[in-house]
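**Q** Dropping a structure here in C-alpha cells format, bear with me for questions.
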Amino acid sequence: MPRYAMTIDTKRCVGCADCVVACQTENEVPVGYCRDWIVQETSGVFPKLHLEIRSERCNHCEDAPCVRTCPTGASHIVEGGIVLVDHDDCIGCKACIESCPYDARFVHPEGYVDKCTFCIHRVQEGKDPACVSVCPTHAMIFGDLEDPNSEISRVLRTKQHKVLIPEAGTHPHVYYLL
Amino acid sequence: MHEIEITSGRMNPEIDPILHAWGWPIPLYLFLGGLVAGILFFSALFYLRNESDKYKAGVKIAPMFAPFFLTIGLLALLYDLSHKLYFWKLFTTIRLESPMSWGAWTLSIIFPLSILWSFLFIKDVFPSISWNSKLLDQLHELVKKFAKPIAWALLLVSIILGIYTGILLSAFNARPFWNTSILGPLFLTSGLSTGTAFVILLSKDHHEKLLFSRIDMWLIAVEMFLIIHLFMGFLASIQVHEDAAHLFLGGPYTAVFWTFVFTLGLLVPFLIELLEWRGYKLPTSLAAVLVLIGGIIFRFVVVDAGQSSRWLYKFMESSLK
C-alpha cells in the first residue's frame, strides 16, 4: 500500500507561484479561492537576513483532525493516505475547516468543502500532481514513502527536512527540505 | 525582524484574513441548546423528586418552550450549512470520533422526547385545551405511563446536550482558544444556569423563585471558578494557548468579556442571588435576565474568539489594522 507525500526544497523554491496557477487550471478552482499558496518568511537583522520560500497546501495528515471531526464521513482518507472530500456526503457544516491547523480548506461556491487533493486523478494515472509537474526549478517531489527506492524516500533519508507545526500533532505528509 | 507573508495572494472567503466560517447561527444554537438542556434537566429532576406541583413553572411550564427553542436552534444550524440540501446525510451514519455526529443524534433523541414531555403536561398548563381524538387520548395515557423512564432519559440526554457543545468546540485542536477540556463542563454549567434563570422568569411562586435562585447561585460560582481555571490553564500551557488567553487579557475581547460576560452576566447576578439568600429583598428577575443575556454574549464571544485563535498565519490579522 503506497503512502504518498510531497517534498518542497526551500532552497529551490523561488516563489514564482507556477504551482498555484497550475493547480488553479488543473482543478478548476474558482477565481478568488486557492488550494495552494506561497509563503515567504524573512528573519534576521539587515544585512544578515534569511529568506525561506515555501509552497503550502493541505498536508494530507496521517492523523487528520478534519477526518476525525467530519460528522458524515465526507472527509476521508483513501489508499495512499490522500485526504479527500466526498462532495455528495459533505453537508457544509465546516467542522473540518475549524479543525485544520493549516487553514488549508475553504468552502467551495457549490456548497461543499474543498482543498488540495494531491491531484489524485493524475496520481491514479501514474502522473505527478499538477503543481509538481510545472515547477520550473524542480523544487517539488511527489512520491511513495513506502517505496525505499523512490526519489522522495531517498531525499528524505539524505537531506535535512522539517514539517510545519509538528506540535499540532497531525503528522503531515508535506516535507520542506532545508 | 521576523516577517511572514503570503506572496501569491490568498483571501479565501470566510477563511481569510481571520477565520469566520461560523457566524451568528452557531452561537445562537449553542445558547438555545444549553438553555433547553437546563430547562429539561431541572424539569426531569424535580419531577422524579415528586415535586412537580411544588415547582410548577420549573417542571411543567418551562418545558413547553423547549421544542420551540430547539426548533429555532436547529433552523439556525441548517441555515449555517453551506450544502443545505445534503443535511440529511448527517443521519445516515454515526461517527463516534466526531462530536458533531454525537450532537446530531443527541438532538434527534431529545427533540421528540421534549415534545412528549411537553405533551405530558399540556393539560396542566392549558386546562381549557381538549381534543376530539381517541388516538391523542391513548398517546397521552401512554406518555403518562412511561413518564418516569422518560424523565430518567431526559436527565441523561439533557446533560449530554449541555456538555457536548463544549466538547465539540474543544475537539478542534486547530483553534487553541477552544482546545481545553474545561469548555465542556463550562458550557454545561452555563446551560444549566440559563435554564434556572428562565424558570425564575416564568415562575410566579416566591418559594420556587428562591430555590432556583439558590441553585443558580451555586452554578454561577462553579462557572466563575471554571473560567478562572480556563485562563490559568492557558497561561501555563504552550505558546498558542498563551496567545489565545491574551485575546482576553489585553486583547480585542477583553472589554466585552470581562464587562458583559463576567461582571454583568456572572458576578452581579451571583451577588444579587447571594444577598437574596441572606434575606435582602432584591429583584430576582434582574439576576435572571442578566444571566440570560450574559449567557448568549458568552457564546458569541467564545465562538468568535476561537476562530481568531490559530497556529499559523497570525500576520493576516494585521491586514485589518
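**Q** Would you pick out the residues in segment A:70-121 that are in contact with a strand residue (DSSP E or B) (Cβ under 8 Å, 6 or more places away or on another chain), hydroxyl-bearing (Ser, Thr, Tyr) and buried (at least 24 other Cβ atoms within 10 Å of the Cβ)?
**A** A:Ser75
**Q** Name every residue in segment B:249-262 that is farther than 21 Å from B:Gly233 by Cα and exposed (fewer than 14 other Cβ atoms within 10 Å of the Cβ), in order of residue number.
**A** Once the filter is applied, which keeps residues that are farther than 21 Å from B:Gly233 by Cα and exposed (fewer than 14 other Cβ atoms within 10 Å of the Cβ), segment B:249-262 yields only B:Thr259.
**Q** Now, a different point. Would you mention how many residues in segment A:43-60 are under 26 Å from A:Val132 (Cβ atoms) and either out of contact with any Cys (no Cβ under 7 Å at 6 or more places or on another chain) or of a type in the set (D, E, K, R) (or both)?
**A** At the first step, the residues of segment A:43-60 found to be under 26 Å from A:Val132 (Cβ atoms) are A:50-60.
Of the ones still in play, those that are also either out of contact with any Cys (no Cβ under 7 Å at 6 or more places or on another chain) or of a type in the set (D, E, K, R) (or both) are A:50-52, A:54, A:56-57, A:59-60.
Residues meeting the conditions: 8.
**Q** Tell me the residue from A:Glu62, A:Glu41, A:Glu26, A:Glu56 that is facing chain B (nearest Cβ under 8 Å) and not polar (S, T, N, Q), please. Give the derivation first.
**A** Numbers: A:Glu62 fails: facing chain B (nearest Cβ under 8 Å); A:Glu26 fails: facing chain B (nearest Cβ under 8 Å); A:Glu56 fails: facing chain B (nearest Cβ under 8 Å).
Testing whether each residue is facing chain B (nearest Cβ under 8 Å) and not polar (S, T, N, Q) leaves just A:Glu41.
**Q** Next up: Residues being modelled with pLDDT of 95 or more, under 25 Å from A:Asp128 (Cβ atoms) and touching a helix residue (DSSP H, G or I) at 6+ places or on another chain (Cβ under 9 Å): count how many of those fall in segment A:61-86.
**A** Of the residues in that region, 12 qualify.
**Q** Also, quick follow-up: Name the residue, out of B:Tyr79, B:Tyr86, that is touching a Gly at 6+ places or on another chain (Cβ under 8 Å), in a helix (DSSP H, G or I) and within 14 Å of chain A (Cβ to nearest Cβ). So that I can check it myself, show each step before the final result.
**A** Values: B:Tyr79 fails: touching a Gly at 6+ places or on another chain (Cβ under 8 Å).
Of B:Tyr79, B:Tyr86, the one residue that is touching a Gly at 6+ places or on another chain (Cβ under 8 Å), in a helix (DSSP H, G or I) and within 14 Å of chain A (Cβ to nearest Cβ) is B:Tyr86.
**Q** Of all residues in segment B:83-109, which are touching a Lys or Arg at 6+ places or on another chain (Cβ under 7 Å) and surrounded by 19 or more Cβ atoms within 10 Å (Cβ to Cβ)? Let's see the steps before the verdict.
**A** In the first step, residues of segment B:83-109 are kept if they are touching a Lys or Arg at 6+ places or on another chain (Cβ under 7 Å); the result is B:97-98, B:101.
Those that are touching a Lys or Arg at 6+ places or on another chain (Cβ under 7 Å) and surrounded by 19 or more Cβ atoms within 10 Å (Cβ to Cβ): B:Ser98, B:Ser101.
**Q** Just to be sure I understand, how many residues within segment A:33-77 are in a loop (DSSP other than H, G, I, E, B), closer than 24 Å to B:His83 by Cα and under 19 Å from the mean Cα position of the chain (by Cα)? Write out each step before concluding.
**A** Initial filter on segment A:33-77 (in a loop (DSSP other than H, G, I, E, B)): A:33-36, A:46-47, A:57-64, A:70-74.
Still in the running and closer than 24 Å to B:His83 by Cα: A:33-36, A:57-58, A:60, A:64, A:70-74.
Filter once more, so that each one left must be under 19 Å from the mean Cα position of the chain (by Cα): A:33-36, A:57-58, A:60, A:64, A:74.
The number of residues fulfilling the criteria is 9.
**Q** For segment B:250-268, give me each residue that is under 11 Å from B:Ile220 (Cα atoms) and within 18 Å of the chain's Cα centre (by Cα). Even if it seems obvious, please write down each step before you answer.
**A** Filtering segment B:250-268 down to residues under 11 Å from B:Ile220 (Cα atoms) leaves B:262, B:265-268.
Across segment B:250-268, the qualifying residues are B:Phe262, B:Gly265, B:Leu266.
**Q** A:Asp128 versus (1) touching a helix residue (DSSP H, G or I) at 6+ places or on another chain (Cβ under 8 Å); (2) within 14 Å of chain B (Cβ to nearest Cβ): which is the lone unmet condition?
**A** With respect to (1) touching a helix residue (DSSP H, G or I) at 6+ places or on another chain (Cβ under 8 Å); (2) within 14 Å of chain B (Cβ to nearest Cβ), A:Asp128 is out only on (2).
**Q** Ok, one more. When you go through B:Leu186, B:Leu274, B:Leu249 one by one, which is the residue that is without any contact (Cβ under 8 Å) to a residue 60 or more places away in the chain and within 18 Å of B:Thr165 (Cβ to Cβ)? Outline the logic, then answer.
**A** On the way: B:Leu274 fails: within 18 Å of B:Thr165 (Cβ to Cβ); B:Leu249 fails: within 18 Å of B:Thr165 (Cβ to Cβ).
On inspection, the qualifying residue turns out to be B:Leu186.
**Q** So, one more: Any residue that is polar (S, T, N, Q) and without any contact (Cβ under 8 Å) to a residue 24 or more places away in the chain - is there at least one of those in segment B:9-31? Quick ask: steps written out before the conclusion?
**A** Step one: filter segment B:9-31 for residues polar (S, T, N, Q), giving B:12.
With without any contact (Cβ under 8 Å) to a residue 24 or more places away in the chain added as a condition, the list becomes B:12.
Yes, there is a match, as at least one residue in segment B:9-31 is polar (S, T, N, Q) and without any contact (Cβ under 8 Å) to a residue 24 or more places away in the chain.
Residue by residue, here is whether (1) modelled with pLDDT under 95; (2) more than 23 Å from B:Leu35 (Cα to Cα); (3) charged (D, E, K, R) holds:
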| position | (1), (2), (3) |
| --- | --- |
| B:Asp124 | yes, no, yes |
| B:Ser130 | yes, yes, no |
| B:Asp137 | yes, yes, yes |
| B:Ala151 | no, no, no |
| B:Leu155 | no, no, no |
| B:Ser158 | no, no, no |
| B:Leu161 | no, no, no |
| B:Gly166 | no, no, no |
| B:Ser170 | no, no, no |
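**Q** Quick one: B:Pro67 ticks every box in (1) without any contact (Cβ under 8 Å) to a residue 24 or more places away in the chain; (2) away from chain A (no Cβ under 11 Å) except a single one, so which number is it?
**A** (1)
**Q** Ok, one more. Would you be able to say whether some residue in segment B:54-63 is away from chain A (no Cβ under 14 Å), touching an Asp or Glu at 6+ places or on another chain (Cβ under 6 Å), under 23 Å from B:Asp216 (Cα atoms) and assigned to a loop (DSSP other than H, G, I, E, B)?
**A** yes
**Q** Does B:Ser128 satisfy the criteria of being farther than 20 Å from B:Thr165 by Cβ and touching a residue at least 24 places away in the same chain (Cβ under 8 Å)? Even if it seems obvious, please write down each step before you answer.
**A** On the way: farther than 20 Å from B:Thr165 by Cβ: yes; touching a residue at least 24 places away in the same chain (Cβ under 8 Å): no.
In short, no.
**Q** On to the next question. Quick check on my filter: what residues within segment B:33-47 are surrounded by 24 or more Cβ atoms within 10 Å (Cβ to Cβ) and aliphatic (A, V, I, L, M)?
**A** B:Leu35, B:Val36, B:Ala37, B:Ile39, B:Leu40, B:Ala44
**Q** Hey, could you check segment A:70-104 for residues that are within 10 Å of chain B (Cβ to nearest Cβ) and of a type in the set (Val, Ile, Thr) and say which is nearest to A:His60 (Cα to Cα)?
**A** Filtering segment A:70-104 down to residues within 10 Å of chain B (Cβ to nearest Cβ) leaves A:70-75, A:86-104.
Imposing the further condition that a residue be of a type in the set (Val, Ile, Thr) reduces the set to A:72, A:91, A:97.
Numbers: A:Thr72: 19, A:Ile91: 21, A:Ile97: 14 Å.
Out of the qualifying residues, it is A:Ile97.
**Q** Looking at B:Ile72, is it more than 14 Å from the chain's Cα centre (by Cα), among the β-branched types (Val, Ile, Thr) and at pLDDT 95 or above?
**A** Numbers: more than 14 Å from the chain's Cα centre (by Cα): no; among the β-branched types (Val, Ile, Thr): yes; at pLDDT 95 or above: yes.
When the stated conditions are applied, B:Ile72 does not pass them.
**Q** Would you mind telling me which numbered condition in (1) within 14 Å of chain A (Cβ to nearest Cβ); (2) free of Cβ contacts under 8 Å to residues at least 12 places away in the same chain; (3) of a type in the set (D, E, K, R) B:Arg175 fails?
**A** (2)
**Q** Right, next: Please specify each residue of segment B:274-321 satisfying the condition of being part of a helix (DSSP H, G or I), surrounded by 15 or more Cβ atoms within 10 Å (Cβ to Cβ) and among the charged types (D, E, K, R).
**A** B:Glu276, B:Arg299, B:Asp304
The values are calculated or read from the model by the stated rules, or taken from the named source; none is laboratory data. Since this is a predicted model, take the numbers as computed values, not measurements. Don't worry about glycine lacking a Cβ; one is built from the backbone with ideal geometry, like all the others, and counts go over all protein chains shown.
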